[in-house]
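Undergrad: Pasting a structure below so you can have a look.
The values are calculated or read from the model by the stated rules, or taken from the named source; none is laboratory data. These numbers come from a predicted model, not from an experiment. Note: ideal-geometry Cβ built from the backbone for every residue, glycine included; neighbour counts use all protein chains shown. Just so you know, the surface numbers come from the protein's heavy atoms only, side chains and all, with ligands and any DNA or RNA stripped out. Shrake-Rupley method; radii C 1.70, N 1.55, O 1.52, S 1.80 Å.
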Amino acid sequence: MITEVSSFSDLGLVVGEEVFAENDQLYIGTKLSISIKELTVWQSSLSIFPIELKTLRDNLAAARAYINSYGKPGGMKQFAGSSSFERETMRLLEERSSGLLNALANDSMEDAAHYAIRLMGLGPGLTPSGDDFLVGLFAVIHLPRSPIS
């Protein structure tokens with residue numbers, strides 16, 4: 001939900017607060033009530049995968065600029081330290097993501113599934129890096145005219 005409230009911090013909301021809807025209102029505990037009577041449902045539409053290499057490069061440059069302005073760039077999230085466990089996890093992320101991309105390039109769905117399953121839950125971050133990689137890949141796969149759809 002997109003609201004016009006700049007911050008919820010002054011409302012005293014806490015994680016785990018009960019959220020429920022009743023009579024065209026969305027309630028967050030006893031602290032916040034939002035009218036949902038005049039909500040506009042957001043409909044997403046996927047862009048068409050660009051066939052021209054220049055368009056693809058321009059789109060990637062725009063995406064990088066947006067991420068640099070509003071997010072955290074850098075590909076798969078790296079561990080802060082360098083223990084043997086962390087190095088091995090990063091090696092597995094690289095091996096499995098590369099294996100998945102190679103399997104897709106070679107139209108080997110059985111191998112692609114093998115690598116994708118082994119990426120799930122792997123890596124650092126609130127959402128493990130392997131999961132983030134898979135979500136991004138699946139988003140591209142589902143673009144109209146995607147080369148791997």
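Undergrad: Within the stretch 23-48, which residues are aromatic (Phe, Trp, Tyr) and in contact (Cβ under 8 Å) with a residue 12 or more places away in the chain?
TA: The first filter runs over the stretch 23-48 and keeps only residues aromatic (Phe, Trp, Tyr), leaving 27, 42.
The one that is aromatic (Phe, Trp, Tyr) and in contact (Cβ under 8 Å) with a residue 12 or more places away in the chain: TRP42.
Undergrad: Follow-up. Give all pairs with beta carbons closer than 9 Å in which a residue from the stretch 87-99 that is surrounded by 12 or more Cβ atoms within 10 Å (Cβ to Cβ) meets a residue that is part of a helix (DSSP H, G or I) and of a type in the set (Phe, Trp, Tyr); count only pairs at least 6 apart in sequence or on separate chains.
TA: Sorted first by the residue in the stretch 87-99, then by its partner, the pairs are LEU93/PHE133; GLU95/TYR115; ARG96/TYR115; ARG96/PHE133; SER97/TYR115; SER97/PHE133; GLY99/TYR115.
Undergrad: Further question: Identify, from the list ILE51, ILE2, the residue that is surrounded by fewer than 11 Cβ atoms within 10 Å (Cβ to Cβ), in contact (Cβ under 8 Å) with a residue 60 or more places away in the chain and of a type in the set (Val, Ile, Thr). Write out each step before concluding.
TA: Working: ILE2 fails: in contact (Cβ under 8 Å) with a residue 60 or more places away in the chain.
One residue alone meets the criteria, ILE51.
Undergrad: Would you pick out the residues in the stretch 56-72 that are under 17 Å from ASP132 (Cβ atoms) and either assigned to a loop (DSSP other than H, G, I, E, B) or open to solvent by less than 80 Å² (accessible area, probe 1.4 Å) (or both)?
TA: ALA63, ILE67, GLY71, LYS72
Undergrad: Continuing with this model, one more query. Regarding the stretch 22-36, can at least one residue be identified that is open to solvent by 60 Å² or more (accessible area, probe 1.4 Å), at pLDDT 85 or above and assigned to a helix (DSSP H, G or I)?
TA: Among the residues of the stretch 22-36, not one is open to solvent by 60 Å² or more (accessible area, probe 1.4 Å), at pLDDT 85 or above and assigned to a helix (DSSP H, G or I), which makes the answer no.
Undergrad: So, in the stretch 106-136, how many residues would count as being at pLDDT below 90 and farther than 24 Å from SER82 by Cα?
TA: 1
Undergrad: Next up: Mind counting the residues in the stretch 76-86 that are open to solvent by 90 Å² or more (accessible area, probe 1.4 Å), assigned to a loop (DSSP other than H, G, I, E, B) and among the hydrophobic types (A, V, I, L, M, F, W, C)?
TA: So the first thing to find is which residues in the stretch 76-86 are open to solvent by 90 Å² or more (accessible area, probe 1.4 Å), and the list is 77-78, 80, 85.
Now drop any that are not assigned to a loop (DSSP other than H, G, I, E, B), which leaves 77-78, 80.
Within this subset, residues satisfying the condition of being among the hydrophobic types (A, V, I, L, M, F, W, C) are 80.
Of the residues in that region, 1 qualify.
Undergrad: If you don't mind, another one. Can you tell me which residue among GLY99, GLY130, GLY123 is small (Gly, Ala, Ser), farther than 27 Å from ILE2 by Cβ and not in a helix (DSSP H, G or I)?
TA: On the way: GLY99 fails: not in a helix (DSSP H, G or I); GLY130 fails: not in a helix (DSSP H, G or I).
Going through GLY99, GLY130, GLY123 in turn, just one is small (Gly, Ala, Ser), farther than 27 Å from ILE2 by Cβ and not in a helix (DSSP H, G or I): GLY123.
Undergrad: Let me ask something else about it. Could you grab me the full set of residues in the stretch 101-148 that are polar (S, T, N, Q), within 23 Å of PRO50 (Cβ to Cβ) and surrounded by 15 or more Cβ atoms within 10 Å (Cβ to Cβ)?
TA: Result: no residue meets the conditions.
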